[in-house]
Amino acid sequence: MSVDVYVILRRNSVLGDDILKKFWLAAMKIFKDYGVEIYVVPLVTGERGKDVSVIINGFEVRVNELISVNDAVDLILTYLTVKNDVSPAYTLGIYVDRDDSLLDANVV
């Protein structure tokens, strides 16, 4: 089993760098203790601000202060076990002209 954890950092956020490190250490601890692969993916936005968002198993958690590695482990394990009924849907719509050829098709 593997789970992606996205850490959304604000530009020049010292807190974000620390949170990213805590979640990375938590991922290693979870793998060692439970054998679950956690992939921590940093995403940097151009916005300024102090808070950090963490997306675990499709759930967003706001982090406004420095947390410990054990708190990060608890967050990951909590949202890892929650069933997410919303799955991403990818659709492609194609409009075909009346003569049923794809020469003038438009992707919408």
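Read-outs throughout are calculated quantities, based only on the coordinates presented, and are distinct from any laboratory measurement. As the structure is a computational prediction, the values presented were derived from the model and not from experiment. Glycine gets a Cβ as well: all are built from the backbone with ideal geometry, and neighbour counts include every protein chain shown.
General observations
- Peptides ranked, highest mean first, by Cβ atoms within 10 Å: ranges 64-72, 16-24: 16-24, 64-72
- Order of Tyr34, Tyr79 - criterion: other Cβ atoms within 10 Å of each residue's Cβ, fewest first: Tyr34, Tyr79
- Here the extension length gained between Tyr39 and Asp17 equals 6.3 nm, from 0.36 nm per residue of separation less the Cα-Cα distance.
- Global form of the range 2-80, assessed from the alpha-carbon gyration tensor, a/c cut-off 1.5: prolate
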